[in-house]
1. State all residues of segment 331-367 that are surrounded by fewer than 21 Cβ atoms within 10 Å (Cβ to Cβ), part of a loop (DSSP other than H, G, I, E, B) and either under 21 Å from the mean Cα position of the chain (by Cα) or not aromatic (Phe, Trp, Tyr) (or both); if no residue qualifies, say none.
2. Mind checking which pairs have a first residue in segment 254-274 that is among the basic types (Lys, Arg) and a second that is surrounded by fewer than 23 Cβ atoms within 10 Å (Cβ to Cβ), Cβ under 6 Å, 6 or more apart or different chains?
3. Collect the residues in segment 68-97 that are closer than 17 Å to residue 12 by Cβ and part of a loop (DSSP other than H, G, I, E, B), keeping them in residue-number order.
4. Got at least one residue in segment 309-317 being buried (at least 23 other Cβ atoms within 10 Å of the Cβ), closer than 17 Å to residue 259 by Cβ and within 14 Å of the ligand (Cβ to nearest atom)?
5. Could you figure out which of (1) more than 15 Å from the ligand (Cβ to nearest atom); (2) hydroxyl-bearing (Ser, Thr, Tyr); (3) in contact with a Pro (Cβ under 8 Å, 6 or more places away or on another chain); (4) farther than 30 Å from residue 261 by Cβ isn't true of residue 88?
6. Quick check on my filter: what residues within segment 138-164 are over 19 Å from residue 101 (Cα atoms) and within 16 Å of the ligand (Cβ to nearest atom)?
7. Look through 53, 33 and report the one residue that is modelled with pLDDT of 95 or more, closer than 20 Å to residue 258 by Cα and not assigned by TED's automatic domain parsing to the domain that holds residue 255.
8. If I go through segment 113-131 residue by residue, how many of them are more than 15 Å from residue 94 (Cβ to Cβ) and within 16 Å of the ligand (Cβ to nearest atom)?
Amino acid sequence: MNPDFPTYAPSDEHEMLRASVRELCEARVAPFAAVVDEESRFPQEALDALVGAGMHAVHVPEAYGGAGADALAAVIVIEEVARVCASSSLIPAVNKLGTVPLLLAGSEGLKRRFLGPVARGEAMFSYALSEAEAGSDAAAMRTRAVRDGDHWVLDGAKMWITNAGVSRFYTVMAVTDPGVGSRGISAFVVDREDAGVSFGPAERKLGIKGSPTRQVILDGVRIPADRMIGAEGSGFKTALATLDHTRITIAAQALGIAQGALDHAVGYVKERRQFGQPIADFQGVRFMLADMAMRLEGARQLTYHAAVKSERVMRGERVADLTFVSSACKTLASDVTVDAVQLLGGYGYTRDFPVERMMRDAKITQIYEGTNQIQRMVMARQLLK
Ligand code: COS
């Protein structure tokens, strides 16, 4: 391994980054987390704060105007934002999800044109793979792209698209060659301003209510052929290769939510008195706390380990088990938060305490970027290959 590569453990710089993101988020993101959830509105305050501090898309390489932070740094940023507001953590997470296809497979021209605005905080970038009838079975998509001279014309509807509407750019996967399955899918950059792009109504969700989830509707959207990402027919592979990197960022989001919930639970059990003593004195409560912290720390270490592998792949190394560790860390990290609600008892079930929101927000991390059942399938396939 090249000595310039980040080591498995976070460096001093990573920890300094964590401290500064934490301070920023405590001051400028946390105060709005409950109201953003209550009103189901986009966390503009968080976007302003993250852009102001250059924390909205730290993964964009310096060559394209970004901070060029490694994958572990990106994980730490997302983890810290999610610790106070999961909806806001989707700003850096989705900016990464939308742009990794470009970083992995895009032409130099596409990267130069579309990564700069993201790095400067002028535009966000979403990822549009799923459709109403193509969720876990993503290759069953029907959105069609038909060649017309030196343009492609896109028709279809992408569903459950995170940050749809607020993002300016979209990586859209569409069928260019019907009848050949996943090998007939290509990826494109679509601009919100392209004629024929519109958005469905905001989904009414259990959690992450501050992050709009909408359909992206493509009605005869005519885009220049150079907006294709990679070669024709390579879009599905790019989509899955992207998820190998970004399931790690969902693990980071899950870690952050779980850490936020654990922090609240620890404070609560020391204060809450029953049977004449703080409930933290009861062994049953202590065991629950210990189990939660243990699972969280295990998931964190696997996530950091996966992030370093992701970085190595981004720098051109071959890492055989990135797919495995990426699915594994998301699955492990996304199951931790629920216990915190139990520790807060009846209070944990009310909106007076943030763990209620955290549990609702955590639920989606078991579902998006592939359900945890799909992750197990992916892991088993890797083992049996
Ligand atoms: N990286 C790059 N290429 C990959 C890959 C990866 N991690 N995994 C598979 N591929 C390639 C395969 O090698 C295959 O290529 P060839 O046709 O050249 O052999 C192609 O992609 C299709 O793979 P496969 O046949 O395994 O695809 P399936 O349709 O069986 O789907 C799963 C595989 C289920 C793993 C995939 O559809 C998936 O991850 N589904 C969940 C989707 C998801 O996460 N949705 C959430 C949307 S983002 S919020």
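The values are calculated or read from the model by the stated rules, or taken from the named source; none is laboratory data. From a predicted model like this one, the values you see are computed outputs, not experimental measurements. All Cβ positions, even for glycine, are placed from backbone atoms using ideal geometry, and neighbour counts span all protein chains on display.
1. Those that are surrounded by fewer than 21 Cβ atoms within 10 Å (Cβ to Cβ), part of a loop (DSSP other than H, G, I, E, B) and either under 21 Å from the mean Cα position of the chain (by Cα) or not aromatic (Phe, Trp, Tyr) (or both): 335, 350, 351, 352, 366, 367.
2. 270/278; 270/280; 272/279
3. Within segment 68-97, 69, 70 qualify.
4. Taking every residue of segment 309-317 in turn, none turns out to be buried (at least 23 other Cβ atoms within 10 Å of the Cβ), closer than 17 Å to residue 259 by Cβ and within 14 Å of the ligand (Cβ to nearest atom).
5. With respect to (1) more than 15 Å from the ligand (Cβ to nearest atom); (2) hydroxyl-bearing (Ser, Thr, Tyr); (3) in contact with a Pro (Cβ under 8 Å, 6 or more places away or on another chain); (4) farther than 30 Å from residue 261 by Cβ, residue 88 is out only on (4).
6. 140, 142, 156, 157
7. Of the residues listed, the single one that is modelled with pLDDT of 95 or more, closer than 20 Å to residue 258 by Cα and not assigned by TED's automatic domain parsing to the domain that holds residue 255 is 33.
8. So the count comes out to 1.
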